[in-house]
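The values are calculated or read from the model by the stated rules, or taken from the named source; none is laboratory data. Quick caveat, the model's predicted, so the values are computed rather than measured. Here the Cβ positions follow ideal geometry from the backbone for every residue, glycine too, while neighbour counts run over all protein chains shown. These accessible areas exclude ligands, DNA and RNA; they are computed on the full protein's heavy atoms, side chains included. Shrake-Rupley method; radii C 1.70, N 1.55, O 1.52, S 1.80 Å.
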Amino acid sequence: ASYDRLKAFLESSGPRLIAQNGQFDLRWLSTRGIEARLDFDTMLAAHLLDENSSVGLKSLASSMWGVPDYKPNTEEWEWKVPEYQDLLYYVGLDAFYTARAYAVQRLQLLGDKKLARFFAKVMVPAAKAISKVEQRGIYLDSVRLEERQHQTLEKRTAIESELNQITGRMINWASPQQVGQVLFNDLKLPVTENNKTGPSTREGVLVRLKQHHELPGRLIELRETYKYDSTYFRPWAEFAAYDSRIHFHYNLAGTVTGRGSSRAHQTPRNPFVRSILGAPPGKKLIKADMAQEELRIAAALSGEPTMLREFLEGIDPHLETAHVLTGLPRDQIDLETRKKAKAINFGFLYGMGWKNFQRYAIEKYQVYFSEQESKEARTKFFTHWPKIADWHEQVKRIVRKQKCIRYLDGRIRHLPGITSSNQGDRAEAERQGVNSPVQGFGSDLLLLALVELEGYVEDGRALDTEECFTVGWSHDELLFEVDEDVADYWAGVIKEVMEHPKLMDVLGIQLKVPLLAEVKVAQYWAEPEVKSETPKMPL
Ligand code: TTP
Ligand code: MG
C-alpha cells in the first residue's frame, strides 16, 4: 500500500523514466509490484559513448563536471539506520547528476544517428528484458547439487592421496609454493614462466608440463575440484536456498567489446556442472545456441567469397578446415581433428602469428602443434580463405586513421592505443579492431533476439511469457523455461527469431550470411554422457 503513489507515477505514460543502471531499479520495483517504464539509461549511454571509461555515476559526475566523490559511508548503514537527511542528500545528488548526465548524453547521441538507434532499439529494451531474466532466475536441482558436491569431495580426496603417494610425502596441494617445490625442485620439471613469488604453476604452465610427467595433469584435475566447490557448488547452494533458483546478474556495460558478462557466462562448459541447472520437474528447458556465430560474422565483414559460399551451402567451417588440413573426406573427420581445426579457425580468424597460435592452441584447446605444423596451418588457412587477410589489413588501416572502428549495428570500439608510442599497445589496438566488431556484434545479435522474444520489438515475434520465458544467457546461447506441451512450438519460434533477427526493421542493416541456431528441448542445461546411473566427473 505504501508504494501506491510511486506505482501510479512510474506506470503512468506521462513522465519519462531516466535511470542510472535502470536494470537494477526495474528489478527492485518489480518485486514491489511496480512495472516501471525505462526510457533512457545513463550507464548504458556512457558505455556506448566511451566503453573504455568507468560508467559509475560518481565517475561520470567526476569526469563531466569534476564533482568529488559524494558517496557516504554506506558500510555504516549496514548496522546503523542512516539519518533521513543524509539519505535524502545522497539520493538527491544521485538523481540530480543522473538528470544532468542525461542532458549531455542525449545531445551526444543525437549527433550519432546509428549509435542513438542502437541505444534506443536494442540496449534500453535489453536492460528491461535482462532485468526480467534476472528476476526469474534459473532452476537449480538441489539433489543433483548435493550429489555433485559429494562426488567432487571424493574425487579430491582420491587425487590428493594419489599425489601424496607419488611424491612420498604430505603436501598441501592448494598451496602454489608447495606445488612449485614438488614440480621444479623434486621432479626437476622445466620452469617456463616466473611470477613475483617464483616459478608460475598456473594452469597454462601445467598444461605444457603434461608432456613431461603425469603429475601436472592430475593437478589440473585436483584444482578443478577446488574451483568447482568454492566458485560454484557452495555459493549456488546458498543462492538457491530461498526459491530453488539462481538469479544470475547480467552486466550489459561490463566489457569493452560490448559482450555481456555474468556468472552465467563463467559457468564451466563441463556438463558435470551445467547439469545442475535446468527446468523444474514438469517443465522443460529450451537451449538455443548460435552455431559458428563468430565465423559467420567474420565472413560477412570480410566478404570472403569462399567462406560465404560455404555457409550458404551449409558447410561446417570447422570440418572444412579439418578437411583442408588433412585431406580426409569431411564425413571421416573425428571430433579430435575437428577440435584442432577449431583452434586453427579461431586463432587465425583474429590474425595470430604462428607462435601465439601455438600457445593459444595448447592453452585453450589442449592441442599441440609443432612449429612446422603451426606455420603450415596458417598458410593453409589463408590460402583457403585469402580475403580474411585483406580484411585484417583493411581493419588496421581504418583503426590507424580513425582511432576507432564501428560495428555493423552502430556500436563503436574506441582504440586510442593505436597512437601510443609503444609498439605492443599499437598491435593490441589493431588486434582488438579485428576482434571486437566480431565478438561484440555476436553478443548484440543475441540481445536483439532476446529483446524481440521478450516483446520489445514492434510487430515482433514475442513469446507468450505465461508459457515460455527466458531464464538465462551465456555467450552465444539463450535458455528458456517452457511448459512441456508447447515446448516444440516455442522452440520453433525461438529458432526462427535467432536465425532471422529483425536487423533491417530495427537497425536498418543486412547481414549477407545465413545464421544458424541449434535449438534443443531438454531438462537440464547439459547432461553428462555416462552409462551408469550416477554421472561421474569426467577426467
Ligand atoms: P564454440 O561454440 O566452441 O564455436 P563454434 O560455434 O564455432 O563451434 P561449434 O560448431 O563446435 O559449436 O565457441 C563459441 C565461442 O565461445 C568462441 O568465441 C569461443 C568461446 N568459447 C569459450 O570461450 N570457451 C569454451 O570453452 C568454448 C568451447 C568456446
Ligand atoms: Mg557453437
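Amide H contacts under 5 Å for A517: A291, restricted to partners 5 or more places along the chain or on a different chain, H placed in the peptide plane at 1.01 Å from N. Reported to the nearest whole Å, the Cα centre-to-centre distance from the stretch 350-377 to the stretch 251-329 is 21. Shown here for the stretch 411-449: trypsin sites (Lys or Arg not before Pro) in loop regions (DSSP other than H, G, I, E, B) with at most 16 other Cβ atoms within 10 Å, of which there are none. Shown for the stretch 1-152: the carbon plus sulfur share of the solvent-accessible area, taken with all protein chains present and a 1.4 angstrom probe, equals 55%. Within the stretch 376-439, the proportion of C-alpha pairs whose separation exceeds 15 Å stands at 53%. For the chain, the per residue solvent-accessible surface stands at 50 Å², with DNA, RNA and ligands left out and a 1.4 Å probe. Each residue of the stretch 229-237 is assigned a 3J(HN,Hα), and the resulting list reads 5, 7, 8, 10, 4, 5, x, 4, 4 Hz, derived from the Karplus form 6.51 cos²θ - 1.76 cosθ + 1.60 (θ = phi - 60°), x at Gly and Pro. With θ taken as phi - 60° and the Karplus curve 6.51 cos²θ - 1.76 cosθ + 1.60 applied, the whole-hertz 3J(HN,Hα) list for the stretch 247-259 is 9, 4, 9, 10, 10, 8, 10, x, 10, 5, 7, x, 5 Hz, x standing for glycine and proline.
Taking the centroid of alpha carbons for each part, the stretch 1-78 and the stretch 457-484 are 26 Å apart. Under the combined filter of DSSP loop state and at most 11 neighbouring Cβ atoms within 10 Å, the stretch 444-474 retains these GluC sites (Glu not before Pro): E458, E466.
Treating r as the C-beta distance of E238 and N422 and R0 as 30 Å, the FRET efficiency rounds to 0.10.
Estimated from helices alone, the mean residue ellipticity of the chain at 222 nm is -16000 deg cm²/dmol (sum of -39500 (n - 2.57) over DSSP H runs with n ≥ 4, per residue).
I'd like the accessible area for Y456, computed on protein heavy atoms only with a 1.4 Å probe and all protein chains in place. Round to 10 Å², please. Here the accessible area works out near 70 Å². In terms of packing, defined here as the mean over residues of other Cβ atoms within 10 angstrom, the peptides 415-421, 254-260 line up highest first as 254-260, 415-421. Highest mean packing comes first when the peptides 23-30, 175-182 are listed by Cβ atoms within 10 Å, giving 23-30, 175-182.
The fraction of accessible area contributed by carbon and sulfur in the stretch 193-310 is 48 percent, rounded to a whole number (1.4 Å probe; ligands and nucleic acids excluded).
Remark: the stretch 54-69, residue by residue, has Karplus-estimated 3J(HN,Hα) of 5, 10, x, 4, 5, 5, 4, 4, 5, 6, 7, 10, x, 6, x, 4 Hz, where x stands for each Gly or Pro and the curve is 6.51 cos²θ - 1.76 cosθ + 1.60 at θ = phi - 60°. Per-residue accessible area (protein heavy atoms, 1.4 Å probe) orders D425, D409 as D425, D409, starting from the largest.
Radius of gyration over Kirkwood radius for the stretch 214-273, both on Cα atoms: the Rg/Rh ratio is 1.08.
Residues whose amide H falls under 5 Å from that of R245, counting only those 5 or more places apart or on a different chain, are L140, with hydrogens built in the peptide plane. With a 1.4 Å probe and all protein chains left in place, how much of the accessible area of the stretch 417-539 comes from carbon and sulfur atoms, in whole percent? Carbon-and-sulfur percentage of accessible area, whole number: 46.
Semi-axis lengths, largest first, of the ellipsoid equivalent to the chain are 39, 31, 27 Å, with √(5λ) applied to each eigenvalue of the Cα gyration tensor. Ligands, DNA and RNA aside, D444 has an accessible area near 10 Å² when probed at 1.4 Å. Applying 0.36 nm per residue to the separation of S30 and Q372 and subtracting their alpha-carbon distance, the gain on full extension is 117.2 nm. Computing FRET efficiency as 1/(1 + (r/R0)^6) for F382 and E467, where r is the C-beta to C-beta distance and R0 is 45 Å, gives about 0.40.
Semi-axes of the equivalent ellipsoid for the stretch 243-365, computed as √(5λ) from the eigenvalues of its C-alpha gyration tensor and ordered from largest down, come to 31, 19, 17 Å. Computed extension gain for N164 through L107, at 0.36 nm per residue and net of the alpha carbon distance, reaches 14.0 nm. For the set K155/K210; K114/K355; K114/K502; K188/K380; K128/K502; K113/K502, the pairs lying more than 27 angstrom apart at their alpha carbons are K114/K355; K188/K380. The calculated Kirkwood hydrodynamic radius for the stretch 122-183 is 15.6 Å, given to one decimal from all distinct C-alpha pairs.
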